[in-house]
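All remarks here apply to the structure that follows.
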Amino acid sequence: MFMKTFEEKWTAWIDDQLTGRELEKFLASLPDRTAAEAEKQNAKQVGSLLREQAMALSNADFFSHQLRGRLDRENAPIRSEPDAIRTGWWTIRRLLWGGITSLAVFAICTVLVFREGTPPSQSQYLTQILGAQVDPTVSPNATITMFQKKDDHVTVLWVDGLQSLPPEYAAK
Amino acid sequence: MRSHLLLLVAILSVALSIGGASLPEQTVWSGLIIATNSPPTEPTPAEITQIEGTLRKLFGYSQFQLIGEARKTLKTGQEDWLAASKYFSLHVDSRGEKADAYVLNLKLFQEQKLLLETKARLSKASPLVIRGPQVGDGQLVIVLVVQ
């Protein structure tokens, strides 16, 4: 028979293996019994927890599946059936509105671009004379000249040879 | 939703109306002028003042008397009008707008007699000046301006 060390006795006490005289002697040797009891309780709790974990880990796949399922259930937003339908309809409506708004913006931009493309009233183009004629029976000697005074931005149709008229034709 | 739709329709209508009116309403002034060197009897009309210098250089006359005029606001570009004095009349037939200019058919009459017929593309920045017949010691000048 050999003498047990303190650690061996401590372990045996934690596991409730000490009995009788040996238990009494061990308890008497403890400097702070209350602290020792508390430590024993902690050790028992840790032991039971480890045993539970060991059991669970023996079915790791099942445990993982269960855990994931529970997390999904807990994290999923609570939504009623009509709400789900409404959400779907909202998405379609948003798409519709998005489309209409895009078309509107496109139309406005197109209009603005065309307006930008149209030069303002101060055009750089001079007036053009596309054609001119006098009645040869009325004005047989008439000649027509067309020219542009670019400095003055004026186009002139110069008709010579029309019949001269008396001053009274200047009446308003 | 309905209010949103109405708002959108309103915005589109405004945008399209602005765009549709890309060619804003403009007025064409047509004047029958007698250019002379006689002393002035009345002030030069405002419409002529802008091109008075050009007319002086072109015709060599110093005074310009307005004997007939017409001012037409073009909405469709397809209007026609008449500028007339006692003996002369200018019939203007607008045939639409192309490249920022109005295409006009012009006919100058001396009473019932057609003196001149011309077709011009009247630009908005460029007056058209027509030299008409000699009248007394002056000259009939026709001016068309987009205002």
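The table below lists the values:
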{"quantity": "Loss of accessible area when B meets A, both sides summed, Å² nearest 100, probe 1.4 Å", "calculated": "4500 Å²"}
{"quantity": "Residues in the stretch A:129-172 reached by a label modelled at B:Thr44 [backbone nitrogen below 16 Å; 7 Å Cα→Cβ]", "calculated": "A:152-154"}
{"quantity": "Cβ neighbours within 10 Å from other chains - mean over B:108-116", "calculated": "4"}
{"quantity": "Span per principal axis, largest first, for the Cα atoms of the stretch A:127-172 (Å)", "calculated": "34, 27, 14"}
{"quantity": "9 Å beta-carbon shell around B:Leu106, net charge (K/R +1, D/E -1)", "calculated": "0"}
{"quantity": "Under 30 Å from the Cα of A:Lys4 - lysines, other chains or at least 8 residues apart", "calculated": "A:Lys25, A:Lys40, A:Lys44"}
{"quantity": "5 angstrom amide H check on A:Val154, placed H, neighbours 5+ away", "calculated": "A:Lys149"}
{"quantity": "Karplus-derived HN-Hα couplings along the stretch A:4-12 (A = 6.51, B = -1.76, C = 1.60, θ = phi - 60°), whole Hz, x at Gly and Pro", "calculated": "6, 6, 4, 4, 5, 5, 4, 4, 5"}
{"quantity": "Lysines whose Cα lies under 26 Å from that of B:Lys86, excluding same-chain neighbours fewer than 8 positions away", "calculated": "A:Lys172, B:Lys72, B:Lys107, B:Lys113, B:Lys119"}
{"quantity": "Long-range tail of P(r) for the stretch B:18-147 (Cα pairs > 18 Å, %)", "calculated": "52 percent"}
{"quantity": "Summed residue charge, Cβ within 15 Å of B:Leu140's Cβ, Lys/Arg positive, Asp/Glu negative", "calculated": "0"}
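The values are calculated or read from the model by the stated rules, or taken from the named source; none is laboratory data. Just so you know, these numbers come straight off a predicted model, no measurement behind them. Note that we place each Cβ from the backbone using ideal geometry, even for glycine, and neighbour counts take in every protein chain shown. These accessible areas exclude ligands, DNA and RNA; they are computed on the full protein's heavy atoms, side chains included. Shrake-Rupley method; radii C 1.70, N 1.55, O 1.52, S 1.80 Å.
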